[in-house]
Amino acid sequence: MQRLIIKGGKRLCGEIKVQGAKNSALPLLAGCLLAEGRTVLTRCPELSDVFTACRILNELGCKCSFRDNTAVTDTSGAEGFCISEALMREMRSSIVFMGAVLGRTGKCELSYPGGCELGPRPIDMHITALRQLGVKISEEHGRISCVCPKGIRGAVIDLPFPSVGATENIMLAAVCGEGETLIRNAAREPEIRDLAALLNRCGADIRGAGCSTIRINGVKSLHGCEYEVMPDRIAAATYMAAAATTGGELGLLGVNCEDVRAVTAVFEEMGAAVYCPENSIFISCARPLRAVRMIRTMPYPGFPTDAQAVVMAALATARGSSMIAENIFECRYRHVDELVRMGADIKTSGRTAVIQGVSRLYGANVMAHELRGGAALVAAALGAEGMTAVSGVQYIDRGYEQIERAFGSLGADIRRAFG
Ligand code: UD1
């Protein structure tokens, strides 16, 4: 069992290049399946979830290799349409391959994605939308079989909620379909823009990505290209939280400030100085920080649910009382009990959390139950007094490239312990 051992209290200082976005790399890799020949994705983060996506591609007959943050896919001969249950279970986002496989082969067989640490995560919107595109879907014993006898046909799809994954699946399925597809109430997350930009570079005709209405004109085929994965806005939020817990001063390089506006606004309200020259963010935090009134997680451009936990870690020692309403996922406060072990004063009731800032947190043995909650424990531990051991590191590794090396380079006392 691996653990992160952190001796808190070191003020973080320095500059760091932010990794490529996990939540973009996964749908981009699925998108590569649709491009004939070779596609090169640069700034691809070296993460266990990215490797799982590569294994799915390989299982489908696509050659996918990964080296030095570059994934290279070659789809010649990629005729597979079944994704094994073992790979589906490894990560929830494997569901985004459904649209891509359908777009490529006109059929797809897969199982429900793995159980999720954030509460129930149904895929009803994905299924309803794909049916509207002409896909016949049957489900038996957890296995989903899809065929489209007449091919994918453009349709007008009104999403009941701007689901990120459903929007991506529709784009991937429809991009090489027949006619025009309109997605209304589409997710507007920057990762959607990134997927459209990759597909357009491969020859697709997608307009409006990043807005609520996306228009896709089906094209006959896509060709390979070279594309750079967008920066990870949630990793950026995590560094900001660590700057806040340690009273540090960090420069985050290669991030689009606009994409994290809702998060920087919260840190500014806490009293941090944030400066955003082109493609970077400089944040300076003089402690103690102030509590904030109310954070509501919302679809983009609202405050991202993925940044909720790390910002909570920063608020745990802010002066005053803060409140968070988690509106996206039902079960996203599993880090709270662990922060409380470290001395935080946080109470939850349903979707609401009330954080009464304490003067300091103390090192403890804590457990990550999921990715972002795990990152929150690391951010809290970096500012805490004494030693913290964070277990459940495999969750953190899903989203952060060698987190101990990244924070170590900024002056943190952090190491990975094996066994
Ligand atoms: C993506 C992100 C995840 C982020 C989330 C919200 C990836 C790999 N993951 O997840 O990190 O937290 O967006 O920004 O990009 N829902 C349904 N039915 C559906 C689909 C979704 O009820 O068919 C619900 C979900 O249970 C959830 C909400 O809609 O409550 C948002 O989900 P969605 O936007 O689809 O998130 P994901 O794409 O799963």
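The values are calculated or read from the model by the stated rules, or taken from the named source; none is laboratory data. Every value quoted in this text rests on a predicted model; they were computed, and no experiment measured them. All Cβ positions, glycine included, derive from the backbone under ideal geometry; neighbour counts span all protein chains shown.
Values computed for the structure shown
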quantity	calculated
For residue 300: the one exception among (1) in contact (Cβ under 8 Å) with a residue 60 or more places away in the chain; (2) in contact with a strand residue (DSSP E or B) (Cβ under 9 Å, 6 or more places away or on another chain); (3) farther than 24 Å from residue 414 by Cα; (4) among the hydroxyl-bearing types (Ser, Thr, Tyr)	(2)
Number of the exception - residue 43 against (1) on the phi < 0 side of the Ramachandran plot; (2) at pLDDT 95 or above	(1)
Residue list for region 29-55, restricted to those being touching an Asp or Glu at 6+ places or on another chain (Cβ under 7 Å) and either within 19 Å of residue 238 (Cα to Cα) or surrounded by 24 or more Cβ atoms within 10 Å (Cβ to Cβ) (or both)	43, 45, 46, 47, 48
So residue 166, is it among the aliphatic types (A, V, I, L, M), within 12 Å of the ligand (Cβ to nearest atom) and under 24 Å from residue 25 (Cα atoms)	yes
Residue check, residue 102 closer than 30 Å to residue 286 by Cβ and touching a residue at least 60 places away in the same chain (Cβ under 8 Å)	no
Some residue of region 229-240 being more than 16 Å from the ligand (Cβ to nearest atom) and under 30 Å from residue 8 (Cβ atoms)	yes
Single unsatisfied condition, residue 161 versus (1) surrounded by fewer than 19 Cβ atoms within 10 Å (Cβ to Cβ); (2) more than 16 Å from the ligand (Cβ to nearest atom)	(2)
Residues of region 251-268 satisfying the condition of being among the acidic types (Asp, Glu) and surrounded by 15 or more Cβ atoms within 10 Å (Cβ to Cβ)	259
Cβ-Cβ under 8 Å pairs, at least 6 apart or on other chains, region 158-173 side closer than 14 Å to residue 185 by Cβ and without any contact (Cβ under 8 Å) to a residue 40 or more places away in the chain, far side surrounded by fewer than 21 Cβ atoms within 10 Å (Cβ to Cβ) and among the charged types (D, E, K, R)	158/184; 159/184
Residue in region 269-278 that is surrounded by the most Cβ atoms within 10 Å (Cβ to Cβ), counting only those that are part of a loop (DSSP other than H, G, I, E, B) and touching a strand residue (DSSP E or B) at 6+ places or on another chain (Cβ under 7 Å)	272
Residue 97 assigned by TED's automatic domain parsing to the domain that holds residue 165, closer than 19 Å to residue 28 by Cβ, out of contact with any Lys or Arg (no Cβ under 8 Å at 6 or more places or on another chain) and within 12 Å of the ligand (Cβ to nearest atom)	yes
So residue 175, is it closer than 21 Å to residue 26 by Cα and over 19 Å from the mean Cα position of the chain (by Cα)	yes
Where residue 123 falls short, out of the listed (1) within 14 Å of the ligand (Cβ to nearest atom); (2) without any contact (Cβ under 8 Å) to a residue 24 or more places away in the chain	(2)
Out of 202, 108, sole residue that is more than 14 Å from the ligand (Cβ to nearest atom) and touching a Phe, Trp or Tyr at 6+ places or on another chain (Cβ under 6 Å)	108
So residue 286, is it out of contact with any Pro (no Cβ under 6 Å at 6 or more places or on another chain), assigned to a helix (DSSP H, G or I) and farther than 17 Å from residue 351 by Cα	no
Failed item in (1) in a loop (DSSP other than H, G, I, E, B); (2) touching a Phe, Trp or Tyr at 6+ places or on another chain (Cβ under 8 Å), with residue 399 passing the rest	(2)
Near pairs, Cβ below 8 angstrom, 6+ apart or cross-chain, from region 184-196 (more than 19 Å from residue 260 (Cβ to Cβ)) to any residue that is within 11 Å of the ligand (Cβ to nearest atom) and among the polar types (S, T, N, Q)	186/167
Any hit, region 402-411, residues being of a type in the set (A, V, I, L, M, F, W, C), crowded, with 20+ Cβ neighbours inside 10 Å and in a loop (DSSP other than H, G, I, E, B)	yes
Filter result (within 23 Å of residue 300 (Cβ to Cβ) and in a loop (DSSP other than H, G, I, E, B)) within region 245-268	254, 255, 256
Selected residue (criterion: modelled with the highest pLDDT) from residues of region 116-150 that are of a type in the set (Lys, Arg) and under 16 Å from residue 81 (Cβ atoms)	136
Selection within region 118-150 - under 15 Å from residue 88 (Cα atoms) and outside any strand (DSSP E or B)	121, 122, 123, 141, 142
